[in-house]
1. Under 18 Å from the 7 Å Cα→Cβ point of residue 80, by amide nitrogen: which residues of the range 121-144?
2. When the Cα centres of the range 21-86 and the range 229-256 are compared, how far apart do they sit, in Å?
3. Please report 279, 108 as a ranked list, fewest other C-beta atoms within 10 angstrom at the top and most at the bottom.
4. How many nm separate the modelled label positions at residue 95 and residue 33, each set 7 Å beyond the Cα in the direction of the Cβ?
5. Report the extension gain between residue 222 and residue 106 in nm, rounded to one decimal, defined as 0.36 nm multiplied by the number of residues separating them, less their alpha carbon distance.
6. Quote to one decimal, in nm, the extra length available between residue 284 and residue 297 on full extension: 0.36 nm per residue of separation minus the C-alpha distance between them.
7. Taking the Cβ of each residue in 223, 233 as the centre, tally the other Cβ atoms inside 10 Å and list the residues starting with the fewest.
8. Could you work out, for the chain, what percent of all Cα-Cα pairs fall into each 10 Å distance bin, beginning at 0 Å and stopping at the bin that holds the largest distance?
């Protein structure tokens with residue numbers, strides 16, 4: 001009797017909806033952005049992402065003067081398409097300090113840095129008034145640059161000041177810092193000062209081994225369980241996640257299997273609020289080589305990973321991963 005009652009209760013309970021799906025929209029060769037965006041929407045994208053670099057938006061020192069006003073452009077495009085936005089202020093971009101030139105060399109908690117960034121936040125968010133923001137990350141994979149407890153503590157204070165301003169400007173929008181999966185699961189204690197100043201755990205997740213070869217697509221559920229332990233009571237935002245389809249121990253079939261496993265495991269993990277797929281289209285080989293150099297790497301496995309994590313090929317042909325999204 002008890003077992004049948006429990007079964008009836010379980011069957012009556014609604015299944016958890018999938019986390020919000022975001023797709024980083026990149027064009028195929030010869031394609032305009034509108035056409036690429038249409039593909040992402042057809043594949044189920046509810047959001048997309050925008051990464052901003054302080055030294056691009058303020059290239060000549062104090063004063064907002066970008067060559068392209070990406071926040072204003074995003075505000076014109078995405079609300080009309082019903083797309084929400086995850087926003088990353090890439091003040092650190094993995095290995096690069098992307099503060100404007102006059103602030104580099106100062107500690108992150110220097111009042112001049114925090115005051116300048118507060119003004120920068122106001123400039124950017126003032127241009128996104130119509131955009132539904134789902135998450136704001138301060139820094140991208142900051143564990144690539146910050147090395148010492150002193151640096152991490154200073155950055156945590158910088159994050160706290162930024163979060164305080166953002167809570168006033170955009171109340172209710174989760175704020176955190178993008179960290180790599182490896183940093184969060186292997187050095188969780190080291191990053192507690194940053195997590196303590198965050199309202200969400202924000203992570204980049206690419207299942208690769210130390211040599212940039214793909215791990216099996218069946219590792220997803222156990223990996224997400226590790227993130228749950230680190231997150232404790234914080235919601236989890238997978239702000240970048242992807243799997244190569246070529247190169248070292250990778251295939252298009254494994255990429256599709258990874259995506260199926262990712263969406264299933266994310267749905268089964270209530271703490272996960274958003275999954276952002278990186279990215280829609282493969283880049284051309286020369287672009288992958290150039291991006292690898294930006295990261296200071298020439299490893300062929302790394303370059304192959306960068307060049308094949310798209311859901312479709314560089315010429316726009318769908319891979320099995322995109323076909324899965326389109327058909328489900």
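1. Only 127-132 pass the distance filter.
2. Each part's Cα centre sits 22 Å from the other's.
3. On the way: 279 20, 108 25.
With the fewest neighbours first, 279, 108 line up as 279, 108.
4. That separation, rounded to one decimal, is 2.9 nm.
5. Numbers: separation 116, 0.36 × 116 = 41.76 nm, distance 3.99 nm.
Result for the pair: 37.8 nm of gain on full extension.
6. Working: separation 13, 0.36 × 13 = 4.68 nm, distance 1.73 nm.
Using 0.36 nm per residue and subtracting the Cα-Cα distance, I get 2.9 nm.
7. Fewest-to-most Cβ neighbours within 10 Å comes out as 233, 223.
8. 6, 25, 35, 25, 7, 2, 0, 0
Coordinate-derived values only; no laboratory data. Since the model is a prediction, treat every value here as computed from it, not as a measurement. A quick note on method: Cβ atoms are made from the backbone with ideal geometry, for glycine too, and the neighbour counts reach across all protein chains shown.
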